[in-house]
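The values are calculated or read from the model by the stated rules, or taken from the named source; none is laboratory data. Note that the structure is predicted; figures quoted are calculated from it, not measured. We place every Cβ from the backbone using ideal geometry, glycine too, and count neighbours over all the protein chains shown.
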Amino acid sequence: MLCAFGQTDSLEITLSVDSVPDIEEINIEDFDLPPMEIIEESAYSDKDYIRYMCFFSGVDFGLLSIQSEKYPIKQKQSFSIRLNLVEYKKQLVENRFGFFSGISLGYQQIGFQDNFTFVTSGNQTVMESDSLHYLKNQLRSFSISVPFMLEINSKNTFKNNVHFAFGLQQHYRYANSTYQMHKTSEATIIRKNSENIHVNPFSLEACVRVGFQNFTFFASRSLTPLFSTNKFQTEIYPIVVGLCIIPSNGKPSESDNFDF
């Protein structure tokens with residue numbers, strides 16, 4: 001049997017005009033639609049908010065004094081410097097009122113005027129008179145600190161904001177030493193002593209911070225004595241007054257809108 005197949009190159013179908021249904025026109029104005037809502041991304045992030053609106057992180061520098069006429073100090077050699085590394089802020093009432101905490105590393109130095117030496121006698125620290133004329137007679141300590149502060153802001157924006165904070169700061173002194181320097185006709189003699197002289201390892205201070213935008217003034221007063229209780233003949237309470245010399249919360253750019 002012989003079979004043959006054939007295939008056309010294209011298929012063309014032509015419909016008559018009468019067979020195509022009319023397309024109904026639709027007017028969008030005839031529909032009752034809800035108003036169009038434009039959703040914009042927030043102009044700030046939580047990270048930016050903490051950076052600009054919490055006034056703790058940065059470098060604090062303050063002059064140190066003590067409430068004692070018995071042990072006068074050299075003011076130029078007595079100071080405190082603190083590096084506020086970490087901060088955490090919790091809003092309570094918008095940005096008007098909140099709580100913040102953090103972690104700081106600090107160095108404190110007290111330069112005494114009298115010519116004496118701290119020595120340990122049993123479980124006590126005593127002061128022995130010394131005939132030497134010391135150019136430097138210092139008590140030095142390093143510490144880790146954690147603040148617990150309440151903060152009040154006059155505005156919800158960084159611009160023209162007056163901020164005020166008050167609370168407590170807990171310290172742990174992990175290194176204490178004395179440093180003495182005097183000169184003879186032949187040489188300069190330096191003595192360093194890191195033995196335990198019963199400096200209080202834990203201390204608590206009341207502190208206040210107040211400022212305008214990122215300019216911050218602070219003051220603190222220790223609530224616990226410098227030396228451990230019943231370990232030294234006189235209780236010494238350091239007082240520090242100073243400024244945040246290097247704030248980490250620089251002024252936001254004009255495009256940042258922090259109006260909450």
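If the requirement is being within 27 Å of Phe61 (Cα to Cα), of a type in the set (S, T, N, Q) and in a strand (DSSP E or B), which of these qualifies: Asn176, Asn160? Let's see the steps before the verdict.
Working: Asn160 fails: in a strand (DSSP E or B).
So the residue among Asn176, Asn160 that is within 27 Å of Phe61 (Cα to Cα), of a type in the set (S, T, N, Q) and in a strand (DSSP E or B) is Asn176.
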Please go through segment 71-94 and pick out each residue that is polar (S, T, N, Q) and within 22 Å of Leu168 (Cβ to Cβ). Ser80, Asn84, Gln91
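Mind listing whichever residues of segment 68-88 are among the charged types (D, E, K, R) and in a strand (DSSP E or B)?
Result: Arg82, Glu87.
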Among the numbered conditions (1) touching a residue at least 60 places away in the same chain (Cβ under 8 Å); (2) surrounded by 15 or more Cβ atoms within 10 Å (Cβ to Cβ), tell me where Arg96 comes up short. (2)
Matching option when the condition is of a type outside the set (Ser, Thr, Tyr), under 23 Å from Thr234 (Cα atoms) and in a loop (DSSP other than H, G, I, E, B), among Glu128, Glu195: Glu195
Please verify whether Tyr172 is touching a Pro at 6+ places or on another chain (Cβ under 7 Å) and surrounded by fewer than 15 Cβ atoms within 10 Å (Cβ to Cβ), treating the condition exactly as stated. yes
Restricted to segment 50-67 and to residues being in a loop (DSSP other than H, G, I, E, B) and surrounded by 14 or more Cβ atoms within 10 Å (Cβ to Cβ), the residue modelled with the lowest pLDDT is Cys54
Looking at segment 109-121, is at least one residue closer than 26 Å to Gly211 by Cβ, assigned to a strand (DSSP E or B) and at pLDDT 95 or above? yes
Quick one: which of Ser185, Ser129, Ser141 is polar (S, T, N, Q) and modelled with pLDDT of 85 or more? Ser141
Among the residues of segment 141-175, the number that are among the basic types (Lys, Arg) and under 30 Å from Ser194 (Cβ atoms) is 1
